[in-house]
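One structure is given below, encoded as structure tokens.
The values are calculated or read from the model by the stated rules, or taken from the named source; none is laboratory data. Since the structure is predicted, the reported quantities are computational estimates derived from the model, not experimental observations. Positions of Cβ are backbone-derived with ideal geometry, glycine not excepted, and every protein chain shown enters the neighbour counts. We work out accessible area using only protein heavy atoms, side chains counted, and drop any ligands, DNA or RNA first. Shrake-Rupley method; radii C 1.70, N 1.55, O 1.52, S 1.80 Å.
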Amino acid sequence: MANYSISANQLTEGTSVFIRGKLAFARLTSLIEGAALAASDQRKVQNGMSPVGKPHTTATITEAEVQFADPANPTVEEQFVSERRYTSKKNPASGANYSIDSKGTNLPIIAIPSEKGDGTYDQDTSGQELAQGLDVTLVLRVYKPKNFANRGLSLDQVIVHETPRYYNAGGVASGELAARGIVFNAPPRAVQAQPGSGSAVGNGEEPVATEVEDGLSFPAPQPAVAASVAAPVPAQAHAQVLTEPVGATPQAAPAVAPVAAPVAEQPQQETPEQKLARLERENAELKNSGSAVGAPAGQGPWGGSGDAQQAGITYQG
């Protein structure tokens with residue numbers, strides 16, 4: 001643990017300290033609370049730090065320098081803050097860092113340069129988080145917590161010394177748009193889909209996930225259909241249905257015994273003698289079916305049976 005020359009109980013309530021640097025991380029427009037607070041505290045504990053334990057805002061700056069009201073005679077509060085700057089183990093090239101977790105329900109005031117260009121400032125009411133790398137000054141105020149002897153520091157204001165830029169979660173940077181002649185009158189804000197507005201979530205359906213490949217998004221693979229649901233099988237001659245569905249497990253209930261599709265009967269092979277007999281029979285049937293007279297009932301006069309007549313229509317006389 002670092003050895004400090006000034007402790008918190010030496011601070012005077014109500015005094016202020018100004019410290020300037022490049023914004024590395026900030027959560028200024030909404031409180032860190034609920035699940036986000038629990039996750040933040042867990043990360044702090046894992047990194048060997050003390051958890052905050054209460055809703056708060058936070059800011060971290062690099063290249064941090066205390067703005068002394070009188071450099072020749074720094075105040076106790078200014079020295080207290082200056083001593084608590086540190087070097088980042090992950091990014092030592094960022095110079096002296098300073099971080100503050102400001103407890104309480106009040107959000108810090110964010111001041112940005114006026115569009116008039118006269119050196120004055122306007123309050124930023126966009127509700128957007130400031131972007132990384134902005135030149136800012138954190139205005140800290142000493143206060144006395146209830147039931148606690150030591151003093152604490154709160155983040156009262158953030159002064160932005162350049163044209164504000166905002167944290168952009170995956171969008172196009174405003175500078176790139178401006179380079180192409182696209183300039184917004186006011187910084188654009190992301191629009192959140194409302195439940196029931198026609199989205200999959202609003203309709204009570206599961207949204208389809210996507211995967212990105214070469215900058216294009218595609219539907220993510222969906223879960224396989226349950227093994228008990230079999231795809232319809234078109235009926236075909238001489239084809240049999242599978243005896244069990246694909247992917248069925250041993251624990252599945254026994255399925256109803258499949259019914260084989262009817263198989264057309266195949267004609268038996270004829271011997272040459274059978275084929276000859278069949279052709280003679282068909283030939284005789286064709287000769288007799290072409291006339292109403294029908295087949296001869298017996299032998300004709302030339303066959304030795306003069307009184308024999310044909311069946312069917314006969315003529316007398």
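For this structure, a couple of remarks:
- Applying a DSSP loop filter and a limit of 14 other Cβ atoms within 10 Å to the chymotrypsin sites (Phe, Trp or Tyr not before Pro) in region 1-60 leaves Tyr4.
- Of the cross-linked pairs Lys89/Lys146; Lys89/Lys116; Lys22/Lys144, those separated by over 31 Å at the C-alpha level are Lys89/Lys146; Lys89/Lys116.
- Computed on protein heavy atoms with a 1.4 Å probe, the accessible areas place His56, His161 in the order His161, His56, largest first.
- Label point distance in nm, Ala284-Arg43, each placed 7 Å from Cα along Cα→Cβ: 10.4
- The largest accessible area among Glu33, Glu282 belongs to the first residue in Glu33, Glu282, and the rest follow in falling order (1.4 Å probe, all chains).
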